[in-house]
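To keep things clear, I will list the structure first and then write my remarks on it.
The values are calculated or read from the model by the stated rules, or taken from the named source; none is laboratory data. No experiment lies behind these values; they were computed from the predicted model shown. Ideal geometry is used to build each Cβ from the backbone, glycine not excepted, and the neighbour counts take in all protein chains shown. Areas reflect the complete protein model, heavy atoms only, side chains present, ligands, DNA and RNA absent. Shrake-Rupley method; radii C 1.70, N 1.55, O 1.52, S 1.80 Å.
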Amino acid sequence: WSVGKGASDQLTLPWLLEQYSPKVEGQSHTAELPKDITNLPHGDYHGFKKDGLNVAESSGAAHRGPVDEQWMYLQQNVHHIDDFDNRWKVLTYWMFANDVCGMCDGPAEESGSYKKWEKKTDEFLTNVTNSFTKTYVNLVSMIDLSNIHRIQQSKLGCKVEHEVILEECGCIDRGDEKELAMLDRNVHYMNTRFHKFAEDWRAKLQERS
């Protein structure tokens with residue numbers, strides 16, 4: 001939705017922008033399975049011709065290291081875009097769900113995973129603002145993830161799959177109401193921190209200009 005090529009029946013941001021300009025570049029062009037599903041989130045890229053500048057990783061979470069890999073991939077591949085520095089860019093940062101989904105037993109601010117997420121997010125924004133010009137940075141907040149659990153439980157096939165076979169993401173699969181309430185509390189806490197990132201970085205960039 002944020003960086004895929006898309007189509008008229010599969011709306012993405014690049015597809016919408018292409019309705020106004022034929023010069024949109026950087027979007028990913030194919031849907032690919034992970035190269036090494038046993039090693040996720042690492043090693044999930046397929047080269048610029050397929051991925052473009054789409055640096056999303058399956059099972060990616062800031063506290064596991066993908067933000068560093070994503071920044072490295074961008075640095076290694078921006079040269080594929082002609083006149084990259086002087087062209088306007090949209091960078092969407094949505095690194096959140098796989099960081100928070102395991103925070104079901106206590107407040108996020110007491111979690112080591114949260115502290116790594118906060119640190120890596122700030123590092124990424126520092127790298128982007130120090131390296132890229134003419135870039136609109138889009139920080140995407142998170143829905144209440146407990147709703148995913150409730151949808152899974154409403155479908156018999158999904159319910160059996162997630163109660164017996166999969167253990168996909170923290171308490172989303174098998175959590176009780178207390179754990180799911182804590183999960184949503186932590187989603188709200190991290191959304192608020194995201195808003196603070198946006199506020200702080202807007203002020204920093206205004207001071208630079």
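Has the range 21-30 got any residue that is free of Cβ contacts under 8 Å to residues at least 24 places away in the same chain, in contact with an Asp or Glu (Cβ under 9 Å, 6 or more places away or on another chain), surrounded by fewer than 18 Cβ atoms within 10 Å (Cβ to Cβ) and farther than 20 Å from Val128 by Cβ?
Yes, the range 21-30 contains at least one residue that is free of Cβ contacts under 8 Å to residues at least 24 places away in the same chain, in contact with an Asp or Glu (Cβ under 9 Å, 6 or more places away or on another chain), surrounded by fewer than 18 Cβ atoms within 10 Å (Cβ to Cβ) and farther than 20 Å from Val128 by Cβ.
Tell me, which residue of the range 9-35 that is among the polar types (S, T, N, Q) and not in a loop (DSSP other than H, G, I, E, B) is nearest to Val100 (Cα to Cα)?
Only one residue fits best here, namely Ser28.
Kindly provide the set of residues from the range 1-16 that are without any contact (Cβ under 8 Å) to a residue 60 or more places away in the chain and open to solvent by less than 100 Å² (accessible area, probe 1.4 Å), ordered by number.
Across the range 1-16, the qualifying residues are Gly4, Lys5, Gly6, Ala7, Ser8, Thr12, Pro14, Trp15, Leu16.
Can you pull out every residue in the range 71-93 that is crowded, with 17+ Cβ neighbours inside 10 Å and of a type in the set (Phe, Trp, Tyr)?
Across the range 71-93, the qualifying residues are Trp71, Tyr73, Phe84, Tyr93.
Among the residues of the range 125-142 satisfying the criterion of being without any contact (Cβ under 8 Å) to a residue 60 or more places away in the chain and within 18 Å of Gly60 (Cα to Cα), which is surrounded by the fewest Cβ atoms within 10 Å (Cβ to Cβ)? So that I can check it myself, show each step before the final result.
Narrowing the range 125-142 to residues without any contact (Cβ under 8 Å) to a residue 60 or more places away in the chain: 126-128, 130-136, 139, 141-142.
Checking which are within 18 Å of Gly60 (Cα to Cα) leaves us with 139, 141-142.
On the way: Leu139: 18, Ser141: 15, Met142: 18.
For the range 125-142, the residue satisfying everything is Ser141.
Between Glu109, Glu69, which is more than 10 Å from the chain's Cα centre (by Cα), touching a residue at least 24 places away in the same chain (Cβ under 8 Å) and within 24 Å of Lys134 (Cα to Cα)?
One residue alone meets the criteria, Glu69.
Among the residues of the range 178-209, write down those that are polar (S, T, N, Q) and within 21 Å of Tyr93 (Cα to Cα).
Selection gives Asn186, Asn191, Thr192, Gln206.
Are there helices (runs of 4 or more DSSP H) fully within the range 36-113 with at least 3 residues that are at pLDDT 90 or above and within 25 Å of Asp173 (Cα to Cα)? List them.
Answer list for the range 36-113: 97-100.
Quick one: count up the residues across the range 108-124 that are open to solvent by 30 Å² or more (accessible area, probe 1.4 Å) and closer than 22 Å to Glu199 by Cβ.
The total comes to 8.
Give the range 145-201 a look and list any residue that's more than 16 Å from Gly106 (Cα to Cα) and acidic (Asp, Glu), or say none.
Listed by number, the residues that qualify are Glu161, Glu163, Glu167, Glu168, Asp173, Glu199, Asp200.
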